[in-house]
Amino acid sequence: MNRIAFLFGFLLSLQTSLLAQHKVGGTVFDFITKEPLEGVSVFYDGTSIGTVTDEKGTFTLGTENPISASLVISYIGYTSQVFENVSGGLGAIYLKENAVQLDEIILEPDTWSREKKLNIFRREFLGTTISGIKAKIINEDAIRLYYNKQKNSLYAFSEVPIKIENNYLGYTIAYNLQEFEVNFGAPSASPFSGGFTYTAGTLFFTEKNPKKIKKRFLKNRLETYLGSPLHFMRSLSKKQLQEEKFQIFKDKFQIDPYSEYQIEPDENFIKITQKTAKLSMLYDGKEQSFIEAKEPTFYIDSYGNFSPAQILFFGGILGKQRVADLLPLDYVPVNKY
């Protein structure tokens, strides 16, 4: 899930403008007691657009443009609810307490030390770019790690949001981990012989210092954005791939991008049809990536978020990006800093 998908009361300080054109609202209650829940985190997955419920359990959240990101309702100790394609009023929302605590999950003992497992988790979760190296997980003690020798896989679990300080891009991220697996391929003498990494969850971004963003963060964000999947999707939806320095290749030959991409408006979103399942791309003549579509049709909203997320796969240099390389979907490039 390339949304690789994050917050919770103590991190939420952002209140979206009441002038926003597209609003959603509701009231959150405890499922058993029917009492309203105050301080529940409500946010659009992968963005910095969020709020918290008041003492009556109510919230209102708005965006300037239609957004296809999932709306996440999350509260520590309760099972999160995720809503797709929301608009208007959600009415009453009831959250259930977590039925099973992680302490109750019995995992078989494994032969790997926690230090070894944690080093692998940091590398595969945060990434190995400069952003990944400088990022720090604040609450590592909350992460449970388990190596399954039979499957040659490392799994991670967390009952609370994983708190990340991204010291390269200047964000604090809350990541609600749903699934994490590093598969090392067929068991062998070397645990790093092939395999895959799969991460799924929801995430929420906040500024480390919202009053004054440092110039180096603005510079690093712009460099991270250029050539990213977010940049590609925004350029594709506006039919500006060439202007934005993207080149598309089919069978090793450069082609006119729009011979392979059909682009047309569809209500609030842009409908994209990728005619060939797998296409290669270059940004500004740099390292090659590819985009593979399991189904030909997907949609892009005004923020550059594509859906359904599970049908697209990025490989090559873009396939190596991890959580620390992500920008909020509502990120706006700043060229002067």
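The values are calculated or read from the model by the stated rules, or taken from the named source; none is laboratory data. Small disclaimer: the values here were computed from a predicted structure and weren't measured. Every residue, glycine as well, gets a Cβ built from its backbone with ideal geometry; the counts of neighbours run over all protein chains shown. We work out accessible area using only protein heavy atoms, side chains counted, and drop any ligands, DNA or RNA first. Shrake-Rupley method; radii C 1.70, N 1.55, O 1.52, S 1.80 Å.
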### Task
Would you list which aspartates and glutamates come within 16 Å of Lys252, measuring only between C-alpha atoms, while excluding same-chain residues fewer than 8 positions from it?
Glu260, Glu287, Glu292
### Task
Give me the lysines in straight-line cross-link reach of Lys214: C-alpha distance below 22 Å, same-chain residues under 8 apart excluded.
Lys134, Lys136, Lys163, Lys336
### Query
Taking one equal scatterer on every alpha-carbon of the range 225-337, how large is log10 of I(q)/I(0) by Debye at q = 0.18, 0.24 1/Å?
-0.92, -1.75
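Relative contact order of the range 105-180: what whole-number percent is it, with Cα pairs under 8 angstrom and at least 6 residues apart?
Reported as a whole number, the value is 27 percent.
Which order do peptides 249-257, 120-128, 141-149 fall in by mean Cβ count within 10 Å, highest first?
Numbers: 249-257: 12.3, 120-128: 19.8, 141-149: 16.1.
Put in order of decreasing packing, that is 120-128, 141-149, 249-257.
On the accessible surface of the chain, probed at 1.4 Å, how many percent belong to carbon and sulfur atoms?
The computed percentage sits at 51.
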#### Entry: Residue-averaged [θ]222 nm for the chain, counting only DSSP H segments that reach four residues, each worth -39500 (n - 2.57)
-3000 deg cm²/dmol
### Message
Quick check on packing: order 195-206, 72-83, 234-245 by the mean number of other C-beta atoms within 10 Å, highest mean leading.
### Response
195-206, 72-83, 234-245
### Message
Give me the 1.4 Å probe accessible area per residue for the chain, excluding ligands and nucleic acids, in Å².
### Response
51 Å²
### Query
List the trypsin sites (Lys or Arg not before Pro) in the range 269-307 that DSSP assigns to loop (not H, G, I, E or B) and whose Cβ has at most 16 other Cβ atoms within 10 Å. Which are they?
Lys275, Lys286, Lys294
#### Entry: Shape box of the chain [Cα atoms, principal axes, largest first, Å]
62, 59, 40
